[in-house]
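Trainee: This is the structure I want to talk about, given as C-alpha cells.
The values are calculated or read from the model by the stated rules, or taken from the named source; none is laboratory data. Nothing here was measured: the structure is a model prediction, and the numbers come from that model. Cβ placement follows ideal geometry from the backbone for every residue including glycine, while neighbour counts extend to all protein chains displayed. Side chains are part of the model used for accessible areas, which takes the heavy atoms of the whole protein and leaves out ligands, DNA and RNA. Shrake-Rupley method; radii C 1.70, N 1.55, O 1.52, S 1.80 Å.
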Amino acid sequence: EAQVTQNPRYLITVTGKKLTVTCSQNMNHEYMSWYRQDPGLGLRQIYYSMNVEVTDKGDVPEGYKVSRKEKRNFPLILESPSPNQTSLYFCASSPTGGDGEKLFFGSGTQLSVL
Amino acid sequence: DAKTTQPTSMDCAEGRAANLPCNHSTISGNEYVYWYRQIHSQGPQYIIHGLKNNETNEMASLIITEDRKSSTLILPHATLRDTAVYYCIVRSDRTNAGKSTFGDGTTLTVKP
C-alpha cells in the first residue's frame with residue numbers, strides 16, 4: 001500500500017532533549033516536506049526537499065533540522081526542543097513537487113515538550 | 001504563494017450540496033488551485049485541483065471564475081463524514097518551487 005509513515009504517533013519529551021521524528025514513503029517520491037499545525041494557524045511548512053541531498057527552508061524553520069540521505073526517508077530533528085515546539089507535525093510527499101501534483105500526508109506526530 | 005481567504009466556518013444539511021468559497025485575488029497565471037480536507041487531526045487528504053477550467057472527480061467539483069480570482073469547491077451530496085476542515089491553497093512549482101502553505105481553512109459541519 002502506498003503510504004507515508006511517521007513515527008512516533010505521540011511523543012512527550014522535556015526541554016533540551018534532542019529528538020528525531022522519522023518519515024518514510026514507499027512511493028519513490030522525490031519531493032518530501034514537513035509541516036506543523038497549531039490551533040488557529042493552519043499548516044505551516046517547516047522544511048522541504050526536492051530530492052536526495054537537497055533541502056530548503058519553509059516558512060517556520062527555526063529550531064529544526066532535516067536531512068535527506070535517501071529518497072525514501074526525511075527525518076525531522078529537534079536538537080534542543082522548547083515548549084513552543086509543542087505541536088502536531090505532518091510529513092508529506094509528492095512525485096516531484098511539480099505543478100498539478102497532490103501531496104500525500106502521513107498520519108501525524110503529536111509532540112509535547114515540557 | 002498567493003494568499004487565500006476562506007470563511008472560518010460553514011454548515012450544510014446532510015444530502016444537500018456544500019459550496020465552499022475561496023478568494024485568491026493575487027493568483028498568478030501559472031498557479032494552480034488545490035483543495036485538501038482534514039478530518040479531526042488526521043493527515044490532510046487531497047480532494048481536487050485545477051488551473052483554469054472547472055474540474056470534477058469522484059469526490060467533488062471545482063469551479064474557477066474566469067478571472068481566476070476565486071473558486072468554489074462543491075460537494076454535491078454532503079454526508080456526515082464530510083464534516084472536516086477544508087483548505088484552499090494556490091501554488092506553482094515555477095514560482096514557489098517546493099513551498100506550499102495552507103491557510104486556516106473552512107470548518108464544514110454537515111448536520112443531519
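Trainee: Can you say whether B:Thr65 is touching a residue at least 12 places away in the same chain (Cβ under 8 Å), farther than 26 Å from A:Glu30 by Cβ and either open to solvent by 40 Å² or more (accessible area, probe 1.4 Å) or touching a helix residue (DSSP H, G or I) at 6+ places or on another chain (Cβ under 6 Å) (or both), as far as the supplied structure shows?
Mentor: No; evaluated as a whole, the condition is false for this residue.
Trainee: Given the criteria open to solvent by 20 Å² or more (accessible area, probe 1.4 Å), without any contact (Cβ under 8 Å) to a residue 40 or more places away in the chain and touching a His at 6+ places or on another chain (Cβ under 8 Å), does A:Lys69 qualify?
Mentor: Numbers: open to solvent by 20 Å² or more (accessible area, probe 1.4 Å): yes; without any contact (Cβ under 8 Å) to a residue 40 or more places away in the chain: yes; touching a His at 6+ places or on another chain (Cβ under 8 Å): no.
No.
Trainee: Further, regarding this structure: From the list A:Ser94, A:Ser67, A:Ser112, A:Ser87, which residue is more than 7 Å from every other protein chain (Cβ to nearest Cβ), of a type in the set (Gly, Ala, Ser) and in contact with a Phe, Trp or Tyr (Cβ under 6 Å, 6 or more places away or on another chain)?
Mentor: Step by step, each of A:Ser94, A:Ser67, A:Ser112, A:Ser87 is checked, and only A:Ser94 is more than 7 Å from every other protein chain (Cβ to nearest Cβ), of a type in the set (Gly, Ala, Ser) and in contact with a Phe, Trp or Tyr (Cβ under 6 Å, 6 or more places away or on another chain).
Trainee: Can I ask one more? Exactly one condition in (1) closer than 27 Å to A:Tyr10 by Cα; (2) part of a loop (DSSP other than H, G, I, E, B); (3) open to solvent by 10 Å² or more (accessible area, probe 1.4 Å); (4) at the interface with another protein chain (Cβ under 9 Å from one of its Cβ atoms) is not met by B:Val85; state its number.
Mentor: So the condition that B:Val85 fails would be (2).
Trainee: Within the set of pairs 6+ apart or on separate chains, which have a first residue in the range A:76-92 that is over 16 Å from A:Val14 (Cβ atoms), a second that is open to solvent by 50 Å² or more (accessible area, probe 1.4 Å) and aromatic (Phe, Trp, Tyr), and C-beta atoms under 8 Å apart?
Mentor: Close Cβ pairs (under 8 Å, with a partner that is open to solvent by 50 Å² or more (accessible area, probe 1.4 Å) and aromatic (Phe, Trp, Tyr)) amount to A:Ala92/A:Phe104.
Trainee: Could you check how many residues of the range A:1-36 are within 8 Å of another protein chain (Cβ to nearest Cβ) and farther than 19 Å from A:Ser80 by Cα?
Mentor: So the answer is 3.
Trainee: Filter the range B:38-62 for residues that are in contact (Cβ under 8 Å) with a residue 12 or more places away in the chain and of a type in the set (Ser, Thr, Tyr); which is nearest to the other protein chains (Cβ to nearest Cβ)?
Mentor: B:Tyr46
This table checks each residue for (1) of a type in the set (Val, Ile, Thr); (2) at positive phi; (3) crowded, with 18+ Cβ neighbours inside 10 Å; (4) not in a strand (DSSP E or B).
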residue	(1), (2), (3), (4)
A:Leu11	no, no, no, no
A:Lys17	no, no, no, yes
A:Met27	no, no, no, yes
A:Gly40	no, yes, no, yes
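Trainee: Taking A:Asp59, is it under 14 Å from the mean Cα position of the chain (by Cα) and of a type in the set (D, E, K, R)?
Mentor: Yes.
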